[in-house]
1. In straight Cα distance, which aspartates and glutamates are under 17 Å from Lys76, not counting same-chain residues fewer than 8 positions off?
2. Quick one: net charge around Gln49, please, counting Lys, Arg +1 and Asp, Glu -1 for every other residue with C-beta under 12 Å from its C-beta.
3. Go ahead and estimate [θ] at 222 nm for the chain from helices alone: -39,500 (n - 2.57) per DSSP H run with n ≥ 4, summed, over the residue count, rounded to 500.
4. Could you tally the net charge around Ile91, taking each other residue with its Cβ under 15 Å from the Cβ of Ile91, Lys/Arg +1 and Asp/Glu -1?
5. Karplus couplings for region 83-99 from phi (6.51 cos²θ - 1.76 cosθ + 1.60, θ = phi - 60°), rounded to Hz, Gly and Pro as x?
6. Placing +1 at every Lys and Arg Cβ and -1 at every Asp and Glu Cβ, with all other atoms neutral, what dipole size does the chain have around its Cα centre, in debye to the nearest 20?
7. Ranking Lys37, Lys121 by Cβ neighbours within 10 Å, fewest first, what do you get?
8. Explain nothing, just compute: Karplus ³J(HN,Hα) = 6.51 cos²θ - 1.76 cosθ + 1.60, θ = phi - 60°, for every residue of region 125-133 in order, whole Hz, x for Gly and Pro.
Amino acid sequence: MSQYESSVKCIPYSQERVYAKLEDLNNLEALKDKLPKDKIQEFAYDHDQVTIEIAPIGKVTIKIIEREAPKCIKFKAVGSPIPMNLWIQIIPDGSEASKMRIVAKAELNFMLRGMIEKPLKEGLEKIADTLAMIQY
């Protein structure tokens, strides 16, 4: 498995507050208006999973498989053409701030790695940037 990481994002809210917002995917409602409408055909979510249809990839469901309050939320891609796991790591940075990064592990063969590595890294960075802008 290949591992990819976003850069570390500073968030001006406590670790507990950030975790509480991110561990319930119903809170993604706050991001709905920030999604690129030309690339996202479907965006549905509930407490434990989010389904998104992105051109040209298709429909992918990302499901929470483990919660480690207040420091980590682990996800698994379901229905993805590439087996992949993601996790959001949140660490305290003082009592009123935290730092976050997103890590992905994907099973990519040599040819796929060359084609997907750059878009995957860019996608992780965009997700991390978006999560860092949320009002927690």
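1. Result set, ordered by chain and number: Glu5, Glu23, Asp24, Asp46, Asp48, Glu53, Glu66, Glu68, Glu107.
2. Around Gln49, the surrounding residues sum to -1.
3. The helix contribution divided over the chain gives -7500 deg cm²/dmol.
4. Its environment carries a net charge of 0.
5. Working through the residues one at a time gives x, 8, 10, 10, 8, 9, 9, 10, 10, x, 9, x, 8, 10, 8, 8, 10 Hz.
6. Computed charge dipole of the chain: roughly 280 debye.
7. Lys37, Lys121
8. Residue by residue, region 125-133 yields 5, 5, 5, 4, 4, 5, 5, 5, 8 Hz.
Just so you know, all these numbers are worked out from the coordinates, no wet-lab data involved. Since we're looking at a predicted model, the values are computed, not measured. Here the Cβ is made from the backbone with ideal geometry for all residues, glycine too, and neighbour counts use every protein chain on show.
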